[in-house]
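The next block holds one structure in the form of structure tokens; read it before the comments.
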Amino acid sequence: MLWFLGGKKNAVKSNTKGRGGEGVSLEIVDPRDVDGHCLITGNLQIRGDVYFSGQLRVDGRIDGKVSVFEGGKGQLVISKGAVINGPVFATSVLADGTVNGPMDVEEKLECRANAVIRGRVLYGSIHITDGAKIEAQCTQRVSTSNLTLAAEENGQPQPLLATRDVTTKL
């Protein structure tokens, strides 16, 4: 089964059975319901916004926003040599390439040895491997349930975010 994303409004699902394409069927579906694997190959450059759900692997270059669909979940994999110039919004990110722009990672951000991250970063948890280069203001999300408990215990409002300024090359 192949998925062809056609912008933010629709996607085409293609089922092929047999050899030579006999039994090919196409169906228009809402792309937010597509929960599969997508690949942007190394010889592909995209100028514009990319929306996804499921898993998106980028081996090429994107000049624009990369985001999960509103209310959706998605893992972004940025391969060695891949480049994203623009904001990134994902549930989790595994980076071994370059991101030039702000990142909002709901859960885990993993930066491998070849990762280069430039911009503001908001994350749930982070893992940085030796060799990764981070030139960013990094802000960790704080669990709102823990904040509520702490506020109840001492009767004072708590900050929502913990912020660190980071410019490092490990």
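Residues of region 60-82 that are in a strand (DSSP E or B) and small (G, A, S): S67, G74.
Answer yes if at least one residue in region 89-102 is at pLDDT 95 or above and exposed (fewer than 14 other Cβ atoms within 10 Å of the Cβ), and no otherwise.
At the first step, the residues of region 89-102 found to be at pLDDT 95 or above are 89-102.
In the following step, the residues that additionally are exposed (fewer than 14 other Cβ atoms within 10 Å of the Cβ) were identified as none.
There is no residue in region 89-102 that is at pLDDT 95 or above and exposed (fewer than 14 other Cβ atoms within 10 Å of the Cβ).
Counting only residues that are at pLDDT 95 or above and either aliphatic (A, V, I, L, M) or outside the structural domain of A90 (by TED's automatic domain parsing) (or both), give me the strands (runs of 3 or more DSSP E) lying completely in region 111-170 with at least 1 of them. Step through it out loud before you land on a result.
Values: elements: 116-118, 121-128, 133-141, 161-169.
Fully inside region 111-170 and qualifying: 116-118, 121-128, 133-141.
Pairs linking a residue in region 48-59 that is in the same structural domain as D96 (by TED's automatic domain parsing) and assigned to a strand (DSSP E or B) to a residue that is modelled with pLDDT of 95 or more and among the hydrophobic types (A, V, I, L, M, F, W, C), with Cβ atoms under 6 Å and 6 or more positions apart or on different chains, are V50/I62; V50/V66; L56/L76; R57/V77; V58/I78; V58/A82.
Quickly run through region 104-131 and pick out the residues that are crowded, with 19+ Cβ neighbours inside 10 Å and touching a residue at least 40 places away in the same chain (Cβ under 8 Å). Across region 104-131, the qualifying residue is only I128.
The values are calculated or read from the model by the stated rules, or taken from the named source; none is laboratory data. Keep in mind that this is a model prediction, so the values were computed, not measured. Cβ coordinates were reconstructed from backbone atoms using ideal geometry, including for glycine residues, and neighbour counts include every protein chain displayed.
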